[in-house]
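Notes to accompany the following structure.
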Amino acid sequence: MDVVPVPAFNDNYIWVLHDGQQAVAVDPGDAAPVFDFLERQRLRLAAILVTHHHGDHVGGIPALLHRHRVPVYGPRGESISTVTCPLAEGDRVCLPALELEFGVLEVPGHTAGHIAYYGHGRLFCGDTLFACGCGRLFEGTASQMYRSLEKLAALPGDTRVYCAHEYTLSNIRFAKAADPHNPALLERERREKAVRERLEPTLPSTIALERATNPFLRCTEPAVQATVAQRHGRRITDPVEVFAALRAWKNEF
């Protein structure tokens, strides 16, 4: 099974999984690049997976459905008119023709009903967990997002993380401010810069790499807490409060 990032807009990735004949598109915000990819690879679309309702993740679905009458899986807790198979925590998505099966994780924070798909050592997490970062809190609370990130961080370390945006280098710049003496982070910066210079995607990441370098997964680390304390002029040890402080700082970074 190949997993290919299909670029869309300025920095989105529409992930397409395929076996050489059939394909699944994840968060197709724009139909045109998906049509182009399917045509070039001579693939038939079999299903669409959606993580949340934002337009850059669902905007291409109506046009895709006009040509391909396929099931659309998405969050039960959000209003997405094109979703035909609503999902909640613990549900499973079974696509036997492609020998794929994913479990559904509810990960609110970026949006109220955001979900992620996990299976075959792969995590499709939309805008919840980014490479060295996390999504903004548009609808959820800091506590919700922190718990969602904890849920994802608890997955096996070799889980490959397929998020929906190429934000890695900008996220690393913030991470260095929040966790400035982290050698794993400095090594990651060196490696990811080289990747982008070759015009290649920095994704997928892994859960192990995110645990080691992503400040939003390191809210219990003394070094991160010390940076937050210095910025706020007081000691902060509650991980949710540390997370909230980091997210607010990142918003204006």
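Only the coordinates and a few stated rules stand behind these numbers; no lab work does. What you see is a predicted model, and the numbers here were worked out from it, not measured in a lab. Note: ideal-geometry Cβ built from the backbone for every residue, glycine included; neighbour counts use all protein chains shown.
Figures for the structure shown
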| item | result |
| --- | --- |
| Residue exposure sequence - 220, 84 - by fewest surrounding Cβ within 10 Å | 220, 84 |
| Proportion of all alpha-carbon pairs of the chain beyond 24 Å (%) | 45 percent |
| Cα centroid separation - the stretch 105-142 against the stretch 47-64, whole Å | 15 Å |
| Burial ranking of peptide ranges 111-123, 86-98, 8-20 (average Cβ count within 10 Å, highest at the top) | 111-123, 8-20, 86-98 |
| Percentage, to the nearest whole number, of Cα pairs in the stretch 62-110 over 13 Å apart | 64 percent |
| For 78, 197, 221, 210, order by how many other beta-carbon atoms lie within 10 Å, fewest first | 197, 221, 78, 210 |
| Linear extension gain, residue 211 paired with residue 141, 0.36 nm per residue minus alpha-carbon span | 23.1 nm |
| For a label point 7 Å along the Cα-to-beta-carbon line of residue 21, residues of the stretch 60-97 with backbone N under 16 Å | 95-97 |
| Set of lysines with alpha-carbon distance to residue 250 below 20 Å, sequence-local pairs under 8 removed | 176 |
| Mean separation of Cα contacts under 8 Å (6+ apart) over length of the chain, as relative contact order % | 13 percent |
| Potential extension, residue 32-residue 177 segment - 0.36 nm per residue separation minus Cα distance | 48.4 nm |
| Top of 139, 200, 192 by mean-square fluctuation, Gaussian network on the chain, Cα under 10 Å | 200 |
| Segment residue 184-residue 169, length gained on full extension (0.36 nm per residue, minus Cα span) | 4.0 nm |
